[in-house]
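Report on one structure; see the data block that follows.
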Ligand code: HEC
């Protein structure tokens, strides 16, 4: 059964590739299908807070309220300063985030 050995090696190799692939997909794909608030809570809340007013403030009354939609989109995909970029988000997801950030900015304004 000489042929068993190369096959076995191939199986181990394939399993490793699949494991690495699953790990990468698991991280990258974790925001797949999420939009708006769900996506914000998953990707942004840890740094910016539920209401956008923790850490670097992007919520009501913050400097980010002065940014254009385009600038917010750009910030999310590229990541200014020490913020990580989110280049994998779809255009639809970026739109939904801009919309949600606008809601936060409007939400507690003057409240
Ligand atoms: C690891 C922490 C972290 C995460 C996660 C994060 N941010 Fe940020 N964000 C920051 C920091 C820090 C800044 C300020 C960057 C600077 O100007 O140096 C910032 C800045 C911003 C700004 C202002 C950009 C500007 O040009 O002034 C916006 C808008 C923003 N973040 C939105 C988001 C959104 C939406 C998400 C989720 C997709 C997100 N951030 C995820 C840390 C984070």
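The values are calculated or read from the model by the stated rules, or taken from the named source; none is laboratory data. Bear in mind that the values here come from a model prediction, so they are computed numbers and not experimental data. All Cβ positions, glycine included, derive from the backbone under ideal geometry; neighbour counts span all protein chains shown.
Look at the range 76-103: where a residue is in a loop (DSSP other than H, G, I, E, B) and a partner is away from the ligand (no atom under 11 Å from the Cβ) and modelled with pLDDT under 95, sitting 6+ places away or on another chain with Cβ atoms under 6 Å, you get 88/28. Within the range 74-109, the set of residues being loosely packed, with under 13 Cβ neighbours inside 10 Å, more than 15 Å from residue 57 (Cα to Cα) and within 10 Å of the ligand (Cβ to nearest atom) comprises 78, 84. Would you mind stating whether residue 64 is over 15 Å from the mean Cα position of the chain (by Cα) and crowded, with 17+ Cβ neighbours inside 10 Å? So residue 64 passes the test.
The numbered conditions (1) within 12 Å of the ligand (Cβ to nearest atom); (2) out of contact with any helix residue (DSSP H, G or I) (no Cβ under 6 Å at 6 or more places or on another chain) are all true for residue 30 except (1).
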